[in-house]
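K.L.:
The structure is given below, and queries will be raised subsequently.
The values are calculated or read from the model by the stated rules, or taken from the named source; none is laboratory data. Since the structure is predicted, the reported quantities are computational estimates derived from the model, not experimental observations. Here the Cβ positions follow ideal geometry from the backbone for every residue, glycine too, while neighbour counts run over all protein chains shown. Protein only, heavy atoms only, side chains kept; ligands, DNA and RNA dropped before computing areas. Shrake-Rupley method; radii C 1.70, N 1.55, O 1.52, S 1.80 Å.
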Amino acid sequence: GAGKTTQVALLAERLRGSGREPLVVREPGGTPLAEEARRLVLDPALDLGSAAELFLMLVARADLVHHVIGPALARGTTVLADRFDLSTRAYQIGGRGLPEPEVSAANRLATGGLVPDLVVVLDVAPEVGRARQDAAGKRRDRMELAGAAFHTRVAGAFRGAAGPGILHLAADAPPDAVHEALWSELVRRFPLTFSRDPG
């Protein structure tokens with residue numbers, strides 16, 4: 001309920017308006033194998049252990065990077081991803097309590113060492129996100145049905161993420177306002193890609 005999918009769609013639309021055609025991907029998903037992993041990891045009927053959940057996510061990511069993201073980057077295409085490796089750090093390390101060194105090593109293997117140029121964290125309280133999902137009539141998946149303590153740990157991991165490649169934005173504002181704040185930051189950081197608005 002933070003608005004990730006909305007912001008990715010707004011960015012893609014604005015890039016297309018400025019003459020660039022980005023590749024939009026979501027995680028897990030984007031290939032037949034990754035979509036099957038997504039179905040399994042989100043199925044509320046499955047009682048997955050934390051390690052099994054992690055490996056399903058990494059299978060999906062490895063296949064997406066190999067077949068879709070890697071070739072797109074090689075062509076010079078801008079890739080907008082709805083989630084990537086920070087989500088693994090938040091959900092599987094922060095939320096599930098899996099050991100950071102082993103998870104990070106497995107993730108590097110899955111991505112081939114690929115690191116995003118920028119990770120945008122849309123900061124919103126878990127209860128606000130859940131209220132937005134409820135208002136939209138969204139049916140909760142297996143991850144969303146995890147308890148409040150789990151989601152508090154996940155939110156804490158996202159909020160604690162830091163570094164030059166991580167941008168935190170308050171996401172409680174209307175989507176258009178969040179988009180303008182995000183676009184301004186992207187123009188500042190990547191002017192050759194994000195400053196060519198039409199007109």
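K.L.:
Considering only PRO164, PRO32, PRO99, give the residue with the highest GNM mean-square fluctuation for the chain, with springs between Cα atoms whenever their separation is below 10 Å.
P.N.:
The residue that fluctuates most here is PRO164.
K.L.:
A follow-up question, please. Could you give the angle, 0 to 90 degrees to the nearest 10, between helix 175-189's Cα long axis and the longest principal axis of the Cα atoms of the chain?
P.N.:
Value to nearest ten degrees: 70.
K.L.:
Return the long-range amide H neighbours of ASP82 (sequence gap of 5 or more, or a different chain), with a cut-off of under 5 Å between placed amide H atoms.
P.N.:
VAL25, ARG26, GLU27
K.L.:
Could you give the semi-axes, largest first, of the ellipsoid that matches region 1-90, computed as the square roots of 5 times the alpha carbon gyration tensor eigenvalues and rounded to whole Å?
P.N.:
26, 15, 10
K.L.:
Out of residues 5 or more away from ILE166 or on other chains, whose amide H comes under 5 Å of its own, with H placed 1.01 Å from N in the peptide plane?
P.N.:
VAL119
K.L.:
Under 20 Å from a label point 7 Å along Cα→Cβ of ASP117: give me every residue in region 17-49 with its amide N that close.
P.N.:
Under cut-off, by backbone N: 17-27.
K.L.:
Could you compute the net charge surrounding ASP47? Neighbours are other residues with a C-beta less than 11 Å from the C-beta of ASP47; K and R count +1, D and E count -1.
P.N.:
-1
K.L.:
Grab the other residues whose beta carbon is less than 12 angstrom from that of THR77, score K and R as +1, D and E as -1, and report the net.
P.N.:
Net of charged neighbours comes to +1.
K.L.:
Take the Cα coordinates of the chain, assign each an equal point scatterer, and use the Debye formula without solvent to give log10 I(q)/I(0) at q = 0.10, 0.12, 0.18 Å⁻¹.
P.N.:
Log-scaled intensity ratios, in q order: -0.42, -0.62, -1.47.
K.L.:
Here's something else I'd like to know. Calculate how steeply helix 100-111 sits against the longest principal axis of the alpha-carbon atoms of the chain, using the helix alpha-carbon long axis, and give the answer as 0 to 90 degrees to the nearest 10.
P.N.:
50
K.L.:
Here is a follow-up. Could you provide, to the nearest whole Å², the per residue accessible area of region 41-199 with probe 1.4 Å?
P.N.:
53
K.L.:
Starting from the exponent 0.38 and prefactor 2.2 Å, build the expected Rg for region 144-185 from its residue count and divide its actual Cα Rg by it.
P.N.:
Taking N as the residue count of region 144-185, the ratio is 1.44.
K.L.:
Continuing with the same structure: Quick check: residue separation of SER195 and THR152 times 0.36 nm, minus the Cα distance between them. What number comes out in nm?
P.N.:
Fully extending the segment from SER195 to THR152 adds 11.8 nm.
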